1. What is the residue count in the stretch 58-68 for residues that are in contact with a helix residue (DSSP H, G or I) (Cβ under 8 Å, 6 or more places away or on another chain) and modelled with pLDDT of 95 or more?
2. Since D204 meets every condition but one in (1) over 27 Å from D56 (Cα atoms); (2) out of contact with any Lys or Arg (no Cβ under 9 Å at 6 or more places or on another chain); (3) modelled with pLDDT of 95 or more, which condition does it not meet?
3. Among the residues of the stretch 72-88, which ones are touching a helix residue (DSSP H, G or I) at 6+ places or on another chain (Cβ under 8 Å), farther than 24 Å from E230 by Cβ and of a type in the set (D, E, K, R)?
4. Determine, yes or no, whether S113 is among the hydroxyl-bearing types (S, T, Y) and without any contact (Cβ under 8 Å) to a residue 40 or more places away in the chain.
5. Which count do you get for residues in the stretch 74-99 that are under 20 Å from F178 (Cβ atoms) and in a loop (DSSP other than H, G, I, E, B)?
6. Which one of the conditions (1) touching a Lys or Arg at 6+ places or on another chain (Cβ under 8 Å); (2) at pLDDT 90 or above; (3) surrounded by 17 or more Cβ atoms within 10 Å (Cβ to Cβ) does D86 fail to meet, given that it meets all the rest?
7. Scan the stretch 98-122 residue by residue and report those that are surrounded by 15 or more Cβ atoms within 10 Å (Cβ to Cβ) and within 17 Å of W82 (Cα to Cα).
Amino acid sequence: MRSIIRAERLGKRSQRPSIHWPGMAETRQPVDWHTVIEQRDAVLIVASGPSLRGFDFEQLRGKGFTIAINDAVKFAPFADAWFTVDTFQLSRRLPQEFEGTRYVAAPPEFGTSTARCACDREVLPGCSYLRRVQYFSEDPSEICGWNSALGALNFAYHMKAKRIVLFGVDANNLDSYFYGKRRAWAKQDSVMRSLPRLFKACADKFAGREVINASPASAVMCFPRTAPGEALKRL
C-alpha cells in the first residue's frame with residue numbers, strides 16, 4: 001500500500017528526461033506519436049469491468065480511436081490498438097490475428113537476459129513498446145503500469161486527445177471481468193481497490209480536455225460518470 005501511495009505522489013512529477021533503455025532491439029519498435037496523434041481527436045478506452053456485460057461493442061465502431069485492453073480486444077476486434085501493461089505470458093496473450101497496432105508497457109529490464117522475470121527476457125516482434133513506470137508520466141516514452149486501464153489513459157494523454165471515454169472502468173467489482181474470467185491474484189485486488197485514488201491523482205493533468213467515465217456506478221468518480229449510450233451521443 002505504501003508503494004501505491006508513493007505512486008500517487010510521483011504522479012505529480014514534472015516531465016522526466018528520456019532514459020536509454022538497455023534492452024532496445026530492432027524488434028522493439030518505439031511508438032510513432034506523430035502518426036498516432038494525427039488519427040483521432042476522440043479516444044475510446046475499452047477495459048474489462050463487469051459493467052460491460054451485454055454491451056454491444058459494435059456501437060463503438062467508427063466513433064474514435066479505440067484502445068482495447070487485454071482480452072477486451074476479442075469483443076472489439078475492430079479496435080485501432082491493443083494495449084497491456086501485463087507482460088506475463090505475453091507471447092500467449094498477444095492477439096495474433098489483430099490488425100491494429102499492439103502496444104506493450106514493459107519494465108525497464110524487458111528484453112535483457114538479466115530481467116527478473118523469465119517472461120520479460122524475450123522481445124516479441126510486431127509490438128510497439130513503452131517503458132513501464134510506477135507513476136503517471138508526461139514523458140511519451142513512459143506509461144504508468146499500475147493497471148492497464150490507467151496505463152491506457154496515460155497513453156491517451158500522450159496522444160493529446162481532446163475527448164476520452166472510459167468503458168468498463170468500474171473498480172468496484174473486484175473478482176471478475178465482463179467476459180466471465182476471474183482475477184487470479186490478491187495483488188490485482190489490491191491495485192483495483194486503489195484505482196479510484198490512482199485515477200484521481202492524475203485527473204488534474206486533463207485540464208482543458210474532456211474525460212467521461214461510461215460506467216455510471218464506477219468507483220472512479222474523478223471524471224463525470226454516465227451510461228455508455230449517453231457517452232456515445234457526445235462523440
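1. Number of matching residues: 4.
2. (2)
3. Scanning the stretch 72-88 gives a single hit, D86.
4. Yes, satisfied.
5. Residues meeting the conditions: 9.
6. (2)
7. Those that are surrounded by 15 or more Cβ atoms within 10 Å (Cβ to Cβ) and within 17 Å of W82 (Cα to Cα): F98, G100, T101, R102, Y103, V104, A105, A106.
The values are calculated or read from the model by the stated rules, or taken from the named source; none is laboratory data. Fair warning: this is a prediction, and the values are worked out from it, not measured in the lab. All Cβ positions, glycine included, derive from the backbone under ideal geometry; neighbour counts span all protein chains shown.
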